[in-house]
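The values are calculated or read from the model by the stated rules, or taken from the named source; none is laboratory data. Source: prediction; values computed, not measured. Here the Cβ is made from the backbone with ideal geometry for all residues, glycine too, and neighbour counts use every protein chain on show. With ligands, DNA and RNA removed, areas are computed over all heavy atoms of the protein, side chains included. Shrake-Rupley method; radii C 1.70, N 1.55, O 1.52, S 1.80 Å.
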Amino acid sequence: MRVQGKLSLPQILTLGFLTIILVGTILLSLPIASRDGTATSTINSFFTATSATCVTGMTVVNTALHWSLFGKIVILILVEIGGLGFMTFAVLMFVFMRRKVDLTTQLLTQQSLNLETFANTRSVVFLVVRLSLAIQLLGALLLLVDFYPRYGLKKGIGFSIFHSISAFCNAGFDLFDNSLVRFQNDPYFLFVLTILIISGSLGFLVWKDILLYHEDHYLSLHTKLALTTYLGLIVLSFGVYLLTEGNFSENQHLDFFQRLMNTYFMSVTPRTAGFYTVAPTHISMGGMFFTMILMLIGGTPGSTAGGIKTTTVGILLIRVWATLRGKRDATFMGRRFTNSNVSRSLTLVFLVAVVLSVATLVLTLTEKIPQHSGIEYIMFDVVSAFGTTGYTLGLTPHLTVIGKLIFAVLMFMGRVGVFTVMYSLLNSKRPEDAFRYPKENVMIG
């Protein structure tokens, strides 16, 4: 659909995110943004701004040591805007300026938040903002209980706010040297952080259904599928990591319950959150492979998470199961998925596979692989960038300029959406075909 006969909705959304990244790049390039008072290179500022706006958490400079208070605030604002969607803030600006939200803004917000219709856009946006602020504030207060004894009141408040926002937005930015390794023996902190991560990655429409359930006693098919897939993945991940990592039994300084909490934490964070208590380089090859699958899946549509999304995987699994059983329709909880849903899911997975394959191929030519490492050294970080997770096996901090640009594109596509970016580039629209060709089957498999 076109807006005012000039730009399509996907193009405006894409340009909106690019504008935010550009502003963030300029601000982070200023000498005041770095701790030593020198200007940060444009490419590093651009990479950081992209990572923050796309809530990825990948860094080429140490967040805690390189950026000043001003720089960290800029990163935090970019994370918040990127997590909630810039159109959410656009609607709020209209409201605060006492202007009526026009049809164009409603349509953009509908696409930005993955709403089925643009009815009650304003009420949905207010729900998103109120819910997000409430969860982040509560998260900050709960984290302050842990941070205050460690760092004092002033620093504890700053750390609590920063990590609450970063966790809820699934950004993965932290203010420590080695992510959250120092918190391996702190089950309370890990549990609070996982609640924030889950809250942000479930999706605003899922929360809307849950909060209003007491009124209409109704959950949409989207919410049922999202909750089932999401919770199923957590249980599956917990079991797989118990198997592949042996509940981190080699960490002798941790008791059984602490190791169990670290395993649970690991079952939640790979799907776009990006925090870790055990570095990806210290897990088994089986655990590393499974982590790549989780990073690729990501969170729920309309959330702060990236990836191909849980509902996409859920639809494809149900469709495959139905096909293997000779069923005509893919059904779930008394409802049938449309052919458009299935076709869109298949197209998305194929496009993502092509994008990741091309990126990996190019990076094998531009980046230096350590002597004793294989293709997983690049593939892991490529999937992490697209899934907006932020994990790395060591490649990201040493990327060339070309590598940084490729990763920026991957992060952007992972957050904004493959379809949105493709529609923007190809100037796509839905044609009304005057005729259709005859059908004919070909052999499959």
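Modelled spin-label separation between residue 324 and residue 22, with each label point placed 7 Å from Cα along the Cα-to-Cβ direction: 4.9 nm. Annotation: peptides 217-229, 364-376, ranked by per-residue average of other Cβ atoms within 10 Å with the highest first, follow the order 217-229, 364-376. Taking every C-alpha pair closer than 8 Å and separated by at least 6 residues, the mean separation divided by the residue count of the chain gives a relative contact order of 18 percent. Applying a length cut-off of 27 Å (Cα extent along the axis) and a mean Kyte-Doolittle floor of -1.0 to the DSSP H helices of the chain leaves 9-29, 121-151, 221-245, 339-366. Estimated from helices alone, the mean residue ellipticity of the chain at 222 nm is -20500 deg cm²/dmol (sum of -39500 (n - 2.57) over DSSP H runs with n ≥ 4, per residue). In this rough spin-label picture, where each label sits 7 Å from Cα along the Cβ direction, the residue 317-residue 279 distance is 3.3 nm.
What order do 28, 212 take when sorted by accessible area (1.4 Å probe), most exposed first? Please report the intermediate quantities before stating the final value.
Values: 28 0, 212 60 Å².
Ranked from most to least accessible, the order is 212, 28.
Comparing 425, 410, 84 in a Gaussian network model of the chain (Cα springs below 10 Å), the most mobile by mean-square fluctuation is 425. Model label sites at residue 130 and residue 372, defined 7 Å from Cα along the beta-carbon direction, differ in position by 5.7 nm. Most mobile of 289, 238, 46 per a Gaussian network model of the chain (Cα springs, under 10 Å)? Maximum fluctuation in the GNM of the chain, among the listed residues, is at 289. Just give me a number: lysine pairs in the chain, eight or more positions apart or cross-chain, with C-alpha atoms less than 28 Å apart. For the chain, the number of qualifying lysine pairs is 17. Checking (i) 62, 49, 35; (ii) 67, 54, 54; (iii) 60, 58, 40 against the coordinates, the calculated Cα extents along the principal axes in Å falls under label (ii).
Under 20 Å from a label point 7 Å along Cα→Cβ of residue 332: give me every residue in the range 217-244 with its amide N that close. It comes to 218-238, nothing else. Using the 1.4 Å probe convention, the accessible area of the range 9-426 works out to 44 Å² per residue with neighbouring protein chains retained. Considering only 321, 67, 207, the mean-square fluctuation computed in a Gaussian network model of the chain, springs between alpha carbons under 10 angstrom, is largest for 321.
Per-residue packing, averaged as other Cβ atoms within 10 Å, sorts the ranges 177-186, 30-39, 260-269 into the order 260-269, 177-186, 30-39, beginning with the highest.
Order the following by accessible area, largest value first: 166, 249. Probe radius 1.4 Å; ligands, DNA and RNA are ignored.
249, 166
If the chain linking residue 398 and residue 365 were pulled fully straight, counting 0.36 nm for each residue of separation and taking away their Cα-Cα distance, it would gain 10.4 nm. Packing around the peptides 242-248, 339-345, 385-391, taken as the average count of other Cβ atoms within 10 Å per residue, puts them in this order, highest first: 385-391, 242-248, 339-345.
FRET efficiency for the pair residue 436 and residue 340, taken as 1/(1 + (r/R0)^6) with r the Cβ-Cβ distance and R0 = 22 Å, rounds to 0.90.
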